[in-house]
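Let me begin by presenting the structure, written as structure tokens, before commenting on it.
The values are calculated or read from the model by the stated rules, or taken from the named source; none is laboratory data. From a predicted model like this one, the values you see are computed outputs, not experimental measurements. Glycine also receives a Cβ, built like all others from the backbone with ideal geometry; neighbour counts cover every protein chain displayed. We work out accessible area using only protein heavy atoms, side chains counted, and drop any ligands, DNA or RNA first. Shrake-Rupley method; radii C 1.70, N 1.55, O 1.52, S 1.80 Å.
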Amino acid sequence: SLPCSETESFFTRYENQTAIACSVTQSSVLETDPQFVQIVWEGELDLPEGRPSGMEIKVTFSYDLNGVMKCSFKDVESNKSTDVELSVSASSDNSSDIDKFLV
């Protein structure tokens, strides 16, 4: 039911990693291969220098009653984030449109 949100933790892979490539994708079916999804948004989260690998990055997807999906990519240690706001077409209230954002 709406509103809803989902948060997952990911971790930096390299020592001194200074950025994370961020993307929001969609697919009409559950798909884990990036080759077969549509990219809706791409951006980057800059990270502080001089840190070890394994630093936590929280990714939160939320969807509100107004048809707005928000995505937040947040570096837990520095509290820096990249935030995205996407809207579903106002002419569509089909639940399959909502589902494609929640996949």
Summing Lys, Arg as +1 and Asp, Glu as -1, what charge do residues with Cβ under 14 Å from the Cβ of Lys70 carry, Lys70 excluded? -2
Mean accessible surface per residue for the stretch 1-64, computed with a 1.4 Å probe while every protein chain stays in place, in Å²: 70 Å²
Heavy atoms only, probe 1.4 Å: what % of the accessible area of the stretch 1-72 goes to carbon and sulfur, would you let me know? 47 percent
Rg to Rh for the stretch 8-50: what is it, with Cα atoms only and Rh by Kirkwood? 1.07
